[in-house]
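One structure is given here, and the rest of the page talks about it.
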């Protein structure tokens, strides 16, 4: 079921709902350059196990609003998440990948809102993303501004960026991440303003506030890492587990930064086991 939430500025946030609203709430937050459909299989599986699942498009992505002012800071994403939780009027188990994980962490580690987070699942992101790995993603997202002539051309472009992943035979899913414009070309499904100032930024300075948030975490937490990731390095993983000493940890073999897409079944099982343990 599709739902449109409104944030505090009355802007529209597109979401998909799965399961019964009376069940424990799980909110999935995707990473930069993705949409809520990245979680589709996870949402189906987890909702069938007794959870009310919400996936939504972050601002500047998919079917959600694009900020005219280019407001795409963590605190902006956090306010959108807060609006959704307050609308649903119940604490949430937060599952966030990359940017979605940092957004979830910022809320869970905020004294004012911590009680709204029941559990925290960090998907291939720690307190800081690795500088080199993060810059590669920004470079990819900034490319192909002229669009693609076909889904096949877009699929090849993505396959070149993700050589460890088998190219899908059915390309229809790409329609969720691309917009087809009047000229019949396909373009990325995110606001170009989202990328402004991200390339080469000082990671430690830009995300320094998350260090303080992580130190305040008390909710059951799990860090899930793709073993091939260049965004959550071994060093970054160890730092997170030192700061958040009560956190559980799972590493998924043969998966890179986009863990859910690389090893969906294994990822879904890891998340579900954690949720069942703490709900």
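The values are calculated or read from the model by the stated rules, or taken from the named source; none is laboratory data. Keep in mind that what you see is a predicted model, and the values were worked out from it rather than measured. Reconstructed Cβ throughout: ideal geometry from the backbone, glycine too, with neighbour counts over all protein chains shown.
Results for (1) within 19 Å of residue 138 (Cβ to Cβ); (2) exposed (fewer than 14 other Cβ atoms within 10 Å of the Cβ); (3) modelled with pLDDT under 70; (4) in the same structural domain as residue 57 (by TED's automatic domain parsing), shown as yes or no for each residue.
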residue: 165; (1), (2), (3), (4): no, no, yes, no
residue: 168; (1), (2), (3), (4): no, yes, yes, no
residue: 180; (1), (2), (3), (4): no, yes, no, no
residue: 185; (1), (2), (3), (4): no, no, no, no
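Within the group 212, 152, 139, 132, which residue is touching a residue at least 12 places away in the same chain (Cβ under 8 Å), outside any loop (DSSP other than H, G, I, E, B) and closer than 29 Å to residue 82 by Cα?
After applying the criteria, what remains is 212.
So that you can scan it fast, the table gives a plain yes or no per residue for (1) at positive phi; (2) modelled with pLDDT of 95 or more; (3) not assigned by TED's automatic domain parsing to the domain that holds residue 123:
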residue: 233; (1), (2), (3): no, no, no
residue: 250; (1), (2), (3): no, yes, no
residue: 254; (1), (2), (3): yes, no, no
residue: 257; (1), (2), (3): no, no, no
residue: 264; (1), (2), (3): no, no, no
residue: 273; (1), (2), (3): no, yes, no
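Got a number for residues in the range 93-145 being surrounded by fewer than 24 Cβ atoms within 10 Å (Cβ to Cβ), in contact with a strand residue (DSSP E or B) (Cβ under 8 Å, 6 or more places away or on another chain) and farther than 24 Å from residue 196 by Cα?
Number of matching residues: 3.
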